[in-house]
């Protein structure tokens, strides 16, 4: 495999290309008109324009992407995540064109792409499942009867897709009918499939996922877990590996269950099996048949490059490691840096990055696709970057992440950095007791305002004290005024 096209954009496109470069593989970037000057386009060896800014006219045009790949003599296509990454028809088109698809088989995508299909596939392997329906529900009265039999609260979920779309928590019977209709409508608009099902909702649960890696020879490994419970709108914001609450016994059981899920669809490449965890019990949620946004924390604690292994597996190489060889090394935390305003319900806040400086240091990694003076497009996901930090212990990782957040300079758009700092200082995060309802239970915008105000006051007091100290020193020094800067002559303001 000598030339790979990355059918994506932003930080994930750039991250994949860096591994390709390390492996001596040429890269081809695809881009829309809005991304003509994007970082991934500048980094790639070649680039090709797909079309106008809307993703439906550019990044989602699978046939055009394959056509361009053939014209440029591409050996493999890596879809990243989002866009076409879990589109079985796109994967099939790539393979039929004689190009390697760097991901699982189309058949594995189809099995796991439907949450109901996935539940049916893993049931035979005795993987724990939440109480709920095994088929799509359309009749409101029948659905309500089933919900009563399960017991409120329940969760209505779209069978296709993810990312929190087509999902509604229903606390009581009177809310059920409206929630069902809304979930079906949103599922149809988002995925073209309005089928939904019902599961028991556990409000005190944690969201824990297991990274798996499978080769074409049938070997499957689990690379331990990631804790992803801090979410807004059912989408993750802060992730860590390993979880602070799993015992070694539970970790092994969840890992082995994840391997069984992967076997249920003959999985190849890197994938993630997601579970709901509650007080020692865990239940299968779904499988993501792609690389996850939060994959770097797994890389940090295992020392493996997951993109490199995706490529090696796609070209037929067998895994050269066994489960017993894998060990957890320290602790890693990832915070997603979104161009969103946490004080305004996390709504997107794009603009021009008038200042952009990434933190550095041992154990600090930033996966980004932006640069200073870049205009953030309004057409795509608002994630600017991912800040990943590794420490010898969880406490060390938390402290290093706080420091890195403080050193991260972004101006021109509101970001989630202050919210992430709020999380990392919250008692429930520190003791590991937080759940998927962290934002609802603990976060109010006025808390963040107070936190930021306290930071500003602390900085102001420190600056004033330093200036007063300097002024006292300068008053005693025999220096001419014209040798001093205006900053040095300031009083303690």
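With the condition kept exactly as written, say whether any residue in the stretch 357-377 is in the same structural domain as residue 252 (by TED's automatic domain parsing) and assigned to a helix (DSSP H, G or I).
Within the stretch 357-377, the first condition is being in the same structural domain as residue 252 (by TED's automatic domain parsing), and the residues that meet it are 357-377.
Among the residues that remain, those that are also assigned to a helix (DSSP H, G or I) are: none.
Within the stretch 357-377 (the criterion being in the same structural domain as residue 252 (by TED's automatic domain parsing) and assigned to a helix (DSSP H, G or I)), the answer is no, since none of the residues qualifies.
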With respect to residue 136, is the statement that it is surrounded by fewer than 21 Cβ atoms within 10 Å (Cβ to Cβ), touching a helix residue (DSSP H, G or I) at 6+ places or on another chain (Cβ under 9 Å) and in the same structural domain as residue 177 (by TED's automatic domain parsing) true?
yes
Between 117, 164, which is part of a loop (DSSP other than H, G, I, E, B) and not assigned by TED's automatic domain parsing to the domain that holds residue 286?
164
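Quick grid of which residues meet (1) in the same structural domain as residue 440 (by TED's automatic domain parsing); (2) modelled with pLDDT of 95 or more; (3) out of contact with any strand residue (DSSP E or B) (no Cβ under 7 Å at 6 or more places or on another chain):
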residue	(1), (2), (3)
294	yes, yes, no
299	yes, yes, yes
318	yes, yes, yes
324	yes, yes, yes
332	yes, yes, no
335	yes, yes, no
345	yes, no, yes
348	yes, no, no
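So, of the residues in the stretch 182-202 that are farther than 21 Å from residue 278 by Cβ and touching a helix residue (DSSP H, G or I) at 6+ places or on another chain (Cβ under 8 Å), which turns out to be modelled with the highest pLDDT?
The initial filter retains those residues of the stretch 182-202 that are farther than 21 Å from residue 278 by Cβ, namely 182-196.
From what is left, the residues that are touching a helix residue (DSSP H, G or I) at 6+ places or on another chain (Cβ under 8 Å) are 193-196.
Values: 193: 84, 194: 84, 195: 85, 196: 88.
Applying the filter and picking the extreme gives 196.
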Of all strands (runs of 3 or more DSSP E) completely enclosed by the stretch 7-112, which ones contain at least 1 residues that are within 24 Å of the chain's Cα centre (by Cα)?
26-32, 76-78
Find the residue count for the stretch 50-69, including only residues that are surrounded by 15 or more Cβ atoms within 10 Å (Cβ to Cβ) and without any contact (Cβ under 8 Å) to a residue 24 or more places away in the chain.
4
Name, by its number, the condition in (1) surrounded by fewer than 19 Cβ atoms within 10 Å (Cβ to Cβ); (2) within 21 Å of residue 107 (Cβ to Cβ) that does not hold for residue 204.
(2)
Here the residues within the stretch 141-168 that are touching a helix residue (DSSP H, G or I) at 6+ places or on another chain (Cβ under 7 Å) and under 21 Å from residue 190 (Cβ atoms) are 143, 154, 156, 157, 158, 159, 160, 161, 165, 166, 167, 168
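Sort through 314, 241 and tell me the only one that's touching a residue at least 60 places away in the same chain (Cβ under 8 Å), under 19 Å from residue 385 (Cα atoms) and in contact with a strand residue (DSSP E or B) (Cβ under 6 Å, 6 or more places away or on another chain). Talk me through it step by step, then tell me what you get.
Working: 314 fails: under 19 Å from residue 385 (Cα atoms).
Sole residue among the options that is touching a residue at least 60 places away in the same chain (Cβ under 8 Å), under 19 Å from residue 385 (Cα atoms) and in contact with a strand residue (DSSP E or B) (Cβ under 6 Å, 6 or more places away or on another chain): 241.
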Among the residues of the stretch 364-373, how many are surrounded by fewer than 18 Cβ atoms within 10 Å (Cβ to Cβ) and in contact (Cβ under 8 Å) with a residue 60 or more places away in the chain?
1
Kindly check whether there is at least one residue in the stretch 205-215 that is in the same structural domain as residue 302 (by TED's automatic domain parsing), in contact with a helix residue (DSSP H, G or I) (Cβ under 6 Å, 6 or more places away or on another chain) and within 28 Å of residue 439 (Cα to Cα).
yes
Among helices (runs of 4 or more DSSP H) entirely inside the stretch 387-483, those with 2 or more residues being modelled with pLDDT under 95, outside the structural domain of residue 11 (by TED's automatic domain parsing) and over 30 Å from residue 328 (Cα atoms) are 438-442, 445-475
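The values are calculated or read from the model by the stated rules, or taken from the named source; none is laboratory data. Computed from a predicted model, the values in this text were never measured in an experiment. Cβ atoms come from the backbone with ideal geometry, glycine included; neighbour counts cover every protein chain shown.
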